[in-house]
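> My structure is below; once you've seen it, I'll send some questions.
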Amino acid sequence: METKTQSLKQIAENIDFHQTKGIEMDKLTIAYPNLSVRDAYEIQELWEQCAKKREDNKIGWKMGLTSIAKQKSVGVNEPIYGRLTNSMEVKGNTLSLKGLIHPRVEPEVAFVMKKDLKGKNLTPRDVWSATEFIMPAVEVIDSRYKNFSFTLVDVVADNASSSRFILSNQAFSPFHSPMDSLEVSMYRNGEKVQSGLGSAVLGHPVKSIIKLAEMLDRDGLGIEAGMVVLTGGMTEAINIYDGDTVKVEFGPLGSISFNASNGKDE
Ligand code: OOG
Ligand code: MG
């Protein structure tokens with residue numbers, strides 16, 4: 001066991017290197033075909049320790065592949081979770097592409113918790129009473145694998161492709177408007193490129209929080225008070241490049257706009 005944890009730790013350190021330097025890598029499952037999904041989540045947990053050593057602390061969780069559109073586009077047919085750290089939060093409306101490989105963006109709803117939430121078989125009522133507020137969000141995913149191509153084990157070990165996230169300026173009461181009928185539209189350089197509904201996320205984004213709590217409980221973990229949780233893309237993700245302007249409209253919840261820049265013109 002000792003040696004297994006040691007080698008999972010080395011894998012976590014290697015992934016951390018590729019994530020922080022923005023260097024793509026071969027799929028882990030090529031070199032380690034026997035890794036299990038459980039091992040991959042353990043790698044993620046060990047990665048959290050690597051980040052912590054750099055004082056990059058966990059501030060939340062993300063769910064991924066909670067919509068059929070997203071599952072189909074990457075060929076993995078079950079939801080996954082990942083960890084969000086302090087350095088991933090973009091403050092302001094410029095997304096620096098420095099250190100990113102082949103970033104994609106997707107519209108999401110974020111929950112911010114006021115109480116711990118843990119366990120199997122939670123109900124929407126349990127989630128709402130533990131939620132402080134919700135916010136429109138845009139997640140930037142950037143798989144470290146070549147061509148954004150991976151298996152379930154690979155993507156879990158790579159922290160569910162987590163890279164950056166942007167939250168709107170305005171927070172809302174969780175009771176503001178029905179989240180399953182929330183319509184989102186995503187524009188790149190003025191052109192509408194994706195649209196979707198809140199119900200694309202497991203029928204209702206609240207279900208994503210229930211699923212996360214259930215998956216974390218299986219791994220002996222829970223959602224902690226104060227954490228931000230991204231519930232998963234409502235549409236397919238789109239590629240973004242230097243100079244692109246992205247606007248995501250969230251109907252009654254307003255919009256998020258930002259520019260992508262490689263920083264070379266500044
Ligand atoms: C995996 C992460 C998916 C989402 O919201 O569905 C994700 C990937 O597509 O690289 O973040
Ligand atoms: Mg996402």
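> Would you check if K62 is open to solvent by 70 Å² or more (accessible area, probe 1.4 Å) and either outside any loop (DSSP other than H, G, I, E, B) or within 16 Å of ligand 2 (Cβ to nearest atom) (or both)?
It is false that K62 is open to solvent by 70 Å² or more (accessible area, probe 1.4 Å) and either outside any loop (DSSP other than H, G, I, E, B) or within 16 Å of ligand 2 (Cβ to nearest atom) (or both).
> Follow-up. Restricting to region 158-173, and then to whatever is open to solvent by less than 10 Å² (accessible area, probe 1.4 Å) and of a type in the set (A, V, I, L, M, F, W, C), can you tell me which residue is farthest from L212 (Cα to Cα)?
Residue satisfying both the conditions and the ranking: I166.
> May I ask you to verify whether G203 is open to solvent by 20 Å² or more (accessible area, probe 1.4 Å), on the phi > 0 side of the Ramachandran plot and modelled with pLDDT of 95 or more?
Criteria met by G203.
> Can you pull out every residue in region 158-176 that is of a type in the set (G, A, S) and within 16 Å of ligand 2 (Cβ to nearest atom)? Break it down stepwise before answering.
Taking region 158-176 as the starting set, the residues that turn out to be of a type in the set (G, A, S) are 160-163, 168, 171, 173.
Correct list: A160, S161, S162, S163, S168.
> Looking at region 124-236, what helices (runs of 4 or more DSSP H) fall wholly within it and have at least 1 residues that are basic (K, R) and in contact with a Pro (Cβ under 9 Å, 6 or more places away or on another chain)?
Here the list reads 205-218.
> So, one more: Let me spell it out: the conditions are (1) of a type outside the set (S, T, N, Q); (2) assigned to a helix (DSSP H, G or I); (3) closer than 26 Å to A237 by Cα, and L46 meets all of them except one. Which number is the exception?
If we test L46 against (1) of a type outside the set (S, T, N, Q); (2) assigned to a helix (DSSP H, G or I); (3) closer than 26 Å to A237 by Cα, just (3) comes out false.
> Can you find, within region 130-157, the residue that is surrounded by the fewest Cβ atoms within 10 Å (Cβ to Cβ) among those that are of a type in the set (D, E) and away from ligand 2 (no atom under 13 Å from the Cβ)? Steps first, please.
Just the residues of region 130-157 that are of a type in the set (D, E), to begin with: 132, 139, 142, 154.
Now restrict to residues that are away from ligand 2 (no atom under 13 Å from the Cβ): 132, 154.
On the way: E132: 15, D154: 24.
By that ranking, first place goes to E132.
The rows are residues; the columns are (1) farther than 20 Å from L65 by Cα; (2) in contact (Cβ under 8 Å) with a residue 60 or more places away in the chain.
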position: M88; (1), (2): no, yes
position: T94; (1), (2): yes, yes
position: L97; (1), (2): yes, yes
position: H102; (1), (2): no, yes
position: E106; (1), (2): no, yes
position: K114; (1), (2): yes, yes
position: S129; (1), (2): yes, no
position: F133; (1), (2): yes, no
position: A137; (1), (2): no, yes
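> Can G198 be described as open to solvent by 20 Å² or more (accessible area, probe 1.4 Å), over 18 Å from N169 (Cα atoms), among the small types (G, A, S) and modelled with pLDDT of 95 or more? Outline the logic, then answer.
Numbers: open to solvent by 20 Å² or more (accessible area, probe 1.4 Å): no; over 18 Å from N169 (Cα atoms): yes; among the small types (G, A, S): yes; modelled with pLDDT of 95 or more: yes.
Answer is no for this residue.
> Sticking with this structure for a sec: Report yes if some residue within region 20-35 is under 22 Å from I209 (Cα atoms), in contact (Cβ under 8 Å) with a residue 12 or more places away in the chain and either open to solvent by less than 30 Å² (accessible area, probe 1.4 Å) or within 16 Å of ligand 1 (Cβ to nearest atom) (or both); otherwise report no.
no
Yes/no per residue for (1) without any contact (Cβ under 8 Å) to a residue 60 or more places away in the chain; (2) more than 14 Å from ligand 2 (Cβ to nearest atom); (3) within 19 Å of L95 (Cβ to Cβ):
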residue	(1), (2), (3)
E224	no, yes, no
V229	no, no, no
D242	no, yes, yes
E249	no, yes, yes
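> Does region 177-186 include one or more residues that are of a type outside the set (A, V, I, L, M), away from ligand 2 (no atom under 16 Å from the Cβ), more than 18 Å from the chain's Cα centre (by Cα) and over 26 Å from T131 (Cβ atoms)?
Taking every residue of region 177-186 in turn, none turns out to be of a type outside the set (A, V, I, L, M), away from ligand 2 (no atom under 16 Å from the Cβ), more than 18 Å from the chain's Cα centre (by Cα) and over 26 Å from T131 (Cβ atoms).
> Here is a further query. Consider region 65-112. How many of its residues are part of a strand (DSSP E or B), open to solvent by 10 Å² or more (accessible area, probe 1.4 Å) and touching a helix residue (DSSP H, G or I) at 6+ places or on another chain (Cβ under 8 Å)?
Total satisfying the criteria: 1.
> Assuming V127 fulfils every condition listed in (1) aliphatic (A, V, I, L, M); (2) over 17 Å from the mean Cα position of the chain (by Cα); (3) surrounded by fewer than 21 Cβ atoms within 10 Å (Cβ to Cβ) apart from one, which condition is it?
(3)
The values are calculated or read from the model by the stated rules, or taken from the named source; none is laboratory data. Model, not experiment: these values are computed from the prediction. Cβ atoms come from the backbone with ideal geometry, glycine included; neighbour counts cover every protein chain shown. The protein model used for the area step is the full one, side chains on, heavy atoms only, and it has no ligands, DNA or RNA in it. Shrake-Rupley method; radii C 1.70, N 1.55, O 1.52, S 1.80 Å.
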